[in-house]
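The values are calculated or read from the model by the stated rules, or taken from the named source; none is laboratory data. Being a predicted model, the structure only gives us computed values, none of them experimental. FYI the Cβ positions are ideal-geometry reconstructions off the backbone, even for glycines, and counts take in every protein chain you see. For the accessible areas, the whole protein counts, side chains as well, though only heavy atoms, and no ligand, DNA or RNA atoms are used. Shrake-Rupley method; radii C 1.70, N 1.55, O 1.52, S 1.80 Å.
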Amino acid sequence: MDSETLLARITDYASRPNPYPLYAELRTAGPVVRQADGSFLIGTYHEIAALLHDPRMSVDPRTRGEVTHKPPFLRLDDPEHHRLRTLAMRPFGPPHNPGRVDAMRGEIDRITKELLASFEAGRQIDIVDDFAYPLPVTVICRLLGVPREDEPLFRAWSDTLVAAADLRPGQDSTEGRKAGDQARIEMGGYLVNLAEQRRGSPDNDMLSAFVNEPDPTLRLTQEELAETAVLLLIAGHETTVNLISNGVLTLLRQPEHLDHLRRDPELLPRAVEELLRYEPPVHMRERIPHADIEVAGTTIPKGTSVVLVLASGSRDPMKFHEPDRFDPTRPDNQHLGFGSGIHLCYGGPLARIEAQAALGALIPYLGAARLVQDPPPYRQNAMLRGPRHLPIQL
């Protein structure tokens, strides 16, 4: 049956420019659709939201016996996930550091202005390489305390790690996983070494906060520090790059909304929420049930791969009015752009500030700009979907 090949067709690179018709096919085929490889796809909003809050659903690849080493907390279940997430949150946000993210607004605006300084009328630029990538990577490096001259190191490591995490049905992922493990070790070693340099002589950054925690019960082990720092650095910029790039692409394709936002910049926060729904940076998340579970009349066996297609859920007409229409005035926008439940993206507040600052600063430049290539070339990754390049003529 065609529905049994949906995951293969969604992850096929040819679908990257527009996977949304396949998501509509998925929702029509049923809340739960079994794939030829034995996995299950779920693309309807209410079922996805329920499973994101279901404690029987695991994110830990060890549930399936895939890996033996301890994953980062993003891939751990409670209670260990809760412990590590709480320790990672202490220097990042409320209640211990409620002002850290908000205090970054001035810095984000400064970085944005520096990047825009090279934008000249008549010039062709790549929104990804010239703006959407350097902004969030610079911000997260400043937060962690990575020296500016070392920022380029992280692009190769990040690309390798993101490629290793992609879903590729029917393909041998052994080599990609090995490359990802090596990149994680190298990046983790670098960040732990950097943190150790701050031990006893802290700066105002998160690595300093981790290694100078006075309470021994709240300290990360060296292994946990490496995994947490790597996760923060990757998660702190990868999704934001896509959010900004997808936002620019959407606004250039729909100039009436670009004009609306230019006239009414107060709408920007709502527009960013709508982008998180309409063209989200994260399209899928995998879960593995600890026990047999029933979803919409279908029994999913314990240990089976369940792919929650968040981007499909955020366009489910059972939840959203006219879901295929970009509407920056949409009220009560309960999208799945940052997930939900215990694994809700805790970098969401920072990503929102960055996207609002980036798009707000870019809008005056986009009025007379045009896309050089539409659709643009996309990144290989189907889970973290966004343009690899976005050339525009100013």
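Couple of notes before you dig in:
- Checking Ile10 against (1) within 21 Å of the chain's Cα centre (by Cα); (2) open to solvent by 60 Å² or more (accessible area, probe 1.4 Å); (3) closer than 23 Å to Asn381 by Cα, the condition it does not meet: (2)
- Considering the conditions (1) at pLDDT 95 or above; (2) surrounded by 18 or more Cβ atoms within 10 Å (Cβ to Cβ); (3) of a type outside the set (A, V, I, L, M, F, W, C), Pro21 is excluded by exactly one of them, (2).
- Subset of the stretch 319-361 [under 28 Å from Asp109 (Cβ atoms) and of a type in the set (Lys, Arg)]: Arg330, Arg352
- Candidates Ala311, Ala357, filtered to the one that is of a type in the set (A, V, I, L, M, F, W, C), in contact with a His (Cβ under 7 Å, 6 or more places away or on another chain) and either touching a residue at least 24 places away in the same chain (Cβ under 8 Å) or open to solvent by 20 Å² or more (accessible area, probe 1.4 Å) (or both): Ala311
- The stretch 280-297, residues that are open to solvent by less than 10 Å² (accessible area, probe 1.4 Å), outside any strand (DSSP E or B) and either in contact with a strand residue (DSSP E or B) (Cβ under 9 Å, 6 or more places away or on another chain) or farther than 10 Å from Ala311 by Cα (or both): Pro281, His283, Met284
- Count of the stretch 337-353 residues which are assigned to a loop (DSSP other than H, G, I, E, B) and either open to solvent by 20 Å² or more (accessible area, probe 1.4 Å) or within 13 Å of Leu275 (Cβ to Cβ) (or both): 7
- Ala164 more than 17 Å from Ala226 (Cα to Cα) and open to solvent by 70 Å² or more (accessible area, probe 1.4 Å): no
- Close pairs from the stretch 21-33: first within 11 Å of Ser312 (Cα to Cα), partner in a helix (DSSP H, G or I) and of a type in the set (Lys, Arg), Cβ under 6 Å, at least 6 apart: Leu22/Arg9
- Any chance Glu322 is assigned to a strand (DSSP E or B) and open to solvent by 20 Å² or more (accessible area, probe 1.4 Å): no
- The set of residues from the stretch 230-270 being in a helix (DSSP H, G or I) and charged (D, E, K, R) comprises Glu238, Arg253, Glu256, Asp259, Arg262, Arg263, Glu266, Arg270.
- Long-range neighbours under 7 Å by Cβ, at least six apart or interchain, first residue part of a helix (DSSP H, G or I) within the stretch 203-229, second open to solvent by 90 Å² or more (accessible area, probe 1.4 Å) and modelled with pLDDT of 90 or more: Val211/Arg199
- Residue check, Ala195 in contact with a Ser or Thr (Cβ under 9 Å, 6 or more places away or on another chain), among the aliphatic types (A, V, I, L, M) and open to solvent by less than 40 Å² (accessible area, probe 1.4 Å): yes
- Number of positions in the stretch 131-147 that are touching a strand residue (DSSP E or B) at 6+ places or on another chain (Cβ under 9 Å) and of a type in the set (Gly, Ala, Ser): 1
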